[in-house]
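I have placed the structure first, in the form of structure tokens, so that the comments after it can refer back to it.
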Amino acid sequence: MSPAEAENSSELLQWSYFSTKIKLDKIHPKLSLRETFSPRFKSNLSELDVLLLRNEIFYEHNDNFTSSLGYDFYGIFNDSNRVENRLAEQFLYKKDLNKRWSFTSRIRLEERFQTDFDLRLRNRFGLSYKVNPKTRIVFADEIFQSFLGGQYLEQNRINLGLERKISEKLKVTLTYLLQQFFSDDELNHVIVTRFNFSL
């Protein structure tokens, strides 16, 4: 790829998330565990690029505020063929603005163990609109900031999607995500499907 092509590279990606939330009522009524399996494909959806395995413990402080601790296994299967291990601390604030509109703010701090150690902050703001009791339109913008990796503003992700409540135990979300890397102007178009199970 020429330098000019690299500066303006763009690709169609597909990410899937399969998450299961398990209430830990026998330990504490405000605790829950979430397990996530996420394969990610590139090269116009024909080649496995990344496998993300995520384990998180959540504590629900009240109806609006939740915090969590987690571990990520992030396996990259492209030319670099490497593994990244992450520890993460997360704080999530949710607020219903009225009967239809809701606001969310999420701050996530990641300690990234790869070839070099990096500390990354992810700051996400979102809005959702309730179309009916089972359907929501969701929008979010997330900025990634790297403190030790050399590129302070790492990337930005803009999301627009549709969430559907299939049953009391399953929600499905289909999202278009625009991902921009600031270091080389790489722009990716990502189709994201999320399956959220509750047990």
Legend entry - Nearby lysines by direct alpha-carbon distance to Lys134 (threshold 23 angstrom, same-chain neighbours under 8 apart not counted): Lys21, Lys23, Lys94, Lys95, Lys99, Lys165, Lys169, Lys171
Inset, instruction - Per DSSP H run of n ≥ 4, the term is -39500 (n - 2.57); total these for the chain, divide by its residue number, and report the mean residue ellipticity at 222 nm rounded to 500 deg cm²/dmol. - result: -500 deg cm²/dmol
Legend entry - Ranked packing of 13-21, 42-50, most packed first, by mean Cβ within 10 Å: 13-21, 42-50
Legend entry - Ordering of 130-140, 100-110 by packing [mean C-beta count within 10 Å, highest first]: 100-110, 130-140
Inset, instruction - Give me the net charge of Thr115's neighbourhood, meaning all other residues with Cβ under 13 Å from the Cβ of Thr115; Lys, Arg count +1, Asp, Glu -1. - result: -1
Legend entry - Rg over Rh [alpha-carbon atoms, Kirkwood Rh] for segment 36-147: 1.03
Inset, instruction - Please turn the phi angles of segment 90-105 into ³J(HN,Hα) values with the Karplus equation 6.51 cos²θ - 1.76 cosθ + 1.60 (θ = phi - 60°), one per residue in order, whole Hz, x for glycine and proline. - result: 9, 10, 10, 10, 10, 8, 7, 7, 7, 5, 10, 9, 10, 10, 10, 9
Inset, instruction - Go through [x] 17; [y] 11; [z] 27 and flag the label whose value is the computed percent of Cα pairs over 32 Å apart for this structure. - result: [x]
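Values in this text are rule-based calculations from the coordinates and carry no lab data. All values reported here derive from a predicted model rather than from experimental measurement. No Cβ is skipped: glycine too gets one built from the backbone with ideal geometry, and neighbour counts run over all protein chains shown.
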